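Quick notes on the structure that follows.
The values are calculated or read from the model by the stated rules, or taken from the named source; none is laboratory data. Not measured: the values here are computed from a predicted model. Here the Cβ is made from the backbone with ideal geometry for all residues, glycine too, and neighbour counts use every protein chain on show. These area figures cover heavy atoms from the full protein model, side chains too; ligands, DNA and RNA do not enter into them. Shrake-Rupley method; radii C 1.70, N 1.55, O 1.52, S 1.80 Å.
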Amino acid sequence: AVHDFTSQVRWTGNRGEGNTRYDGYDRRWQVCSPGKPIIECSNDPLLGGDPQLHNPEDLLINALSACHMLWYLHFAAEAGIVVLGYEDAPLAVGETGAGGAGRFLSCELRPQILVAAGADLVEAEAIHHRIHQVCYIARSVNFPISIRASFTVTSA
């Protein structure tokens with residue numbers, strides 16, 4: 001089945017002259033899809049953006065991590081593995097070419113997962129390797145994604 005996904009991006013960096021000069025506008029923008037909270041964003045700080053705001057690169061690796069997490073929770077529930085906590089700190093590596101064009105070279109997901117006592121940790125680890133067959137985001141990117149998960153088991 002084919003699905004439509006929509007969003008709205010609005011540039012908010014006009015200082016009054018539009019983009020008449022390269023240094024005359026801000027690299028600020030919003031994700032402001034109807035009915036959802038506005039997300040204030042900027043360009044990558046290496047390119048003059050505000051380091052306090054999300055940038056497109058942040059949003060991509062966060063989408064990749066979130067998609068992986070949601071599928072992990074799904075598959076873990078099916079396997080009878082009770083997940084009590086899940087945090088990820090993804091690390092993506094990118095490069096910028098001589099002409100300024102950039103791309104991601106790789107991304108490592110590093111989830112720290114808290115599971116209930118009695119969890120099958122072999123199965124808990126194996127689940128990670130099934131996710132990239134179904135995750136929209138992982139199936140859509142053209143760089144390798146690796147997983148370095150760690151597990152903590154609650155005491156009985």
From the P(r) of the chain, can you give the percent of Cα pairs sitting at distances over 18 Å?
67 percent
Report the one residue of Ala124, Pro56, Ser7 whose Cα lies farthest in the direction of the positive end of the charge dipole of the chain (charges on C-beta: Lys and Arg +1, Asp and Glu -1; origin at the Cα centre).
Ser7
For the stretch 5-108, with only Lys/Arg (+1) and Asp/Glu (-1) charged at the beta-carbon, what is the dipole magnitude about the Cα centre, in debye rounded to 20?
420 debye
So what are the ³J(HN,Hα) numbers for the stretch 79-91, from phi and the Karplus equation (6.51, -1.76, 1.60; θ = phi - 60°), rounded to whole Hz, Gly and Pro as x?
8, x, 8, 8, 9, 9, x, 8, 9, 10, 10, x, 10
Using a cut-off of 11 Å between beta-carbons, work out the net charge of the residues near Ser146 (Lys and Arg +1, Asp and Glu -1, Ser146 not included).
+1
For helix 56-78, what angle does its Cα long axis make with the longest principal axis of the chain, in degrees from 0 to 90 and rounded to 10?
20 degrees
Tell me, what is the 1.4 Å probe accessible area of Ser7, in Å² to the nearest 10?
80 Å²
What are the ³J(HN,Hα) couplings of the stretch 19-30, residue after residue, when phi is run through the Karplus curve with 6.51, -1.76, 1.60 and θ = phi - 60°? Round to Hz, x for glycine and proline.
9, 4, 10, 4, 8, x, 9, 8, 8, 9, 7, 10
Taking H placed 1.01 Å from N in the peptide plane, check which residues at least 5 places from Gly102 or on another chain put their amide H under 5 Å from its amide H.
Gly97
For Ala92, what residues show an amide H to amide H distance below 5 Å, using hydrogens built from the backbone and excluding near sequence neighbours?
Glu108
Scalar couplings 3J(HN,Hα) for the stretch 98-105 by Karplus 6.51 cos²θ - 1.76 cosθ + 1.60 (θ = phi - 60°), nearest whole Hz, x for Gly and Pro, are 4, x, x, 6, x, 6, 7, 9
Could you tell me what percent of the accessible area of the stretch 60-156 is made up of carbon and sulfur, with a 1.4 Å probe and every protein chain present?
55 percent
From the Cα centre of the stretch 38-95 to that of the stretch 6-34, the distance in Å is 23 Å
Trypsin sites (Lys or Arg not before Pro) restricted to DSSP loop in the stretch 1-109 with at most 15 other C-beta within 10 Å
Arg15, Arg21
